[in-house]
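Laboratory data are not the source of any read-out in this text; all were calculated from the coordinates shown. Worth saying up front: this structure is predicted, and the values here are computed from it rather than measured. So basically every Cβ, Gly included, is an ideal-geometry build from the backbone, and we count neighbours across all protein chains shown.
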Amino acid sequence: MDLYLKIATQIQSFFKEESRDLPPAMAGKVLRVDVAIPTIAPLTWLARQTAPVKTYWCDRQGRFTMAGIGSIDTISGDVPIDYPVVFGQLRAKLSSLFPNVRYYGGIGFDRQLWLDSSWQLFGNYRFVMPRFEIWSDGEETFFSCNFLGDIHSPQWLQELDTILVELQQLDFTQLAIATAPPTQIGRTDKPNYSQWQHNVNLALAKFPTLQLEKIVLARQSTLTFSTDLQPQLLLLLLQPHNPSSYHFCFQIDPQTAFIGTSPERLYHRQDRLLKTEAIAGTRPRGTTPEPDRLLGAELHDSPKDVREHQLVVNNLRTILAELCHTVEIDRAATILKLNKVQHLYTQCRGLLAADLTDAEILPQLHPTPAVGGFPRPQALALIRELEPFERGWYAAPVGWVGYDDVEFAVAIRSGLVDRDRLLLFAGAGIVEGSQAAAEWTEIENKIRHFTDLFTEPTNLAVIKEHRAQIEQSGSST
């Protein structure tokens, strides 16, 4: 049977027959039809679609992947998020009868700030319920259709007609997609190297006065290209080189999207089980096994990096003790090896107190000392003072909210696609003993999973010019 016909038949059957068995309480809830289909790569399928709003999510193990088209419901705002209100709005439309239904989205890094023009379309928070999804659980692939409505409403069958028209516009062909990297023609950094040195040294000088133990200072590197970028194609280029990471794309319109390949979970909640983790301290990967092992050993034994990592662990221990009645934390950090860098890594888990909700969990955990600093209030105030850009959704919670489970990643290793520009973001933890030059290099290593994509001859000239500017700037400070 033709795939379109198979999907359309099952959707029609739900509207005209199965929906009659729904209880009255489902009015206003998100309803869903799941159809088993032959294997289709979700991200490749998403790249072929012409819809302006697209959503993509893949967990670190590749056990769940979802590509979504359109939006039947968007919960968003330009004002600082009120967690109980927003989570209440999300929960109001979710139901145990459709446990696979999830809202996808994110929250701005700093709830106290209004967003600049680059981030205005995203708002301070935005969660989307896709109209159509292709998703895989690692074994089977499904096509899903989501809709809001009341089966007793006279518009019920009109909704069916609308869905069938939208379904006809989808492209289910599986032809190969060309994924040649775009041509980079320019790069600027905020702050530049001289400003970065000044900011790091100024922050360190303020540690005693502010009683700071750590601050995470970030940089925005803007790459310019000869043509407008295609967000899903960039993510297709990134995916093979970034295993063991969350992969995400939140496309707001055809020219604007937030994409990334983050290794860091903020938290996952399944019923009362809460899982989180500490990732802090960084070294590059070695080009061969022995140098790689030595770099990992150096990281593991570095007093500066161990101290930076332990701040995150201690903070999580304190928070989990308030949220949970049982807490387990790994006794010793291990080395998390990614494609370009390696980190100190500690797993944490706990059983939540029965009366706690995500509206209380998320603001306790975000931002962690790994992306903000410690103590949190002083670090955030100094970040606002020193960073010459707004973080938007960088280093913020991104993920999904289901009926009885939630998962958020920390949106590091990320970039904002804005037509022909790619704004990359990365940060470095500054503690006593930090050196501005070393922290600048750490950030370069963290954005390499993006910048290494653009190494065609034309791009190399831009990269060499940028490095020369840094060296000249460094010699004059």
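Laid out as a table, the results:
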read-out: Size of charge dipole - the stretch 186-475 - debye, nearest 20, with Cβ of Lys, Arg +1 and Asp, Glu -1, no other charges; value: 400 debye
read-out: Amide proton proximity set for I430, modelled H, under 5 Å, gap of 5+; value: I215, V216, L217
read-out: Cβ-based net charge around R285, under 11 Å, with every Lys or Arg adding one and every Asp or Glu removing one; value: +4
read-out: Relative contact order of the chain, pairs being alpha-carbon contacts under 8 Å that are 6 or more residues apart, as %; value: 21 percent
read-out: Longest DSSP-loop-exposure-free segment, GluC sites (Glu not before Pro), the chain, at most 16 other Cβ within 10 Å; value: 141-431
read-out: Cα centroid of the stretch 152-220 to Cα centroid of the stretch 279-356, whole Å; value: 25 Å
read-out: For the chain, calculated [θ]222 nm from helices alone, where every DSSP H run of n ≥ 4 adds -39500 (n - 2.57); value: -10000 deg cm²/dmol
read-out: Too-long pairs where the Cα-Cα distance tops 32 Å, listed order kept, from K54/K206; K93/K190; K54/K446; value: K54/K206; K93/K190
read-out: Farthest toward positive dipole pole in the chain [+1 Lys/Arg, -1 Asp/Glu at C-beta], among W57, Q197, I72; value: Q197
read-out: Where trypsin sites (Lys or Arg not before Pro) fall in DSSP loop in the stretch 397-448, at most 14 other Cβ within 10 Å; value: R419
read-out: D (Stokes-Einstein, µm²/s), Kirkwood Cα radius, the chain, 1.306 mPa s at 10 °C; value: 68 µm²/s
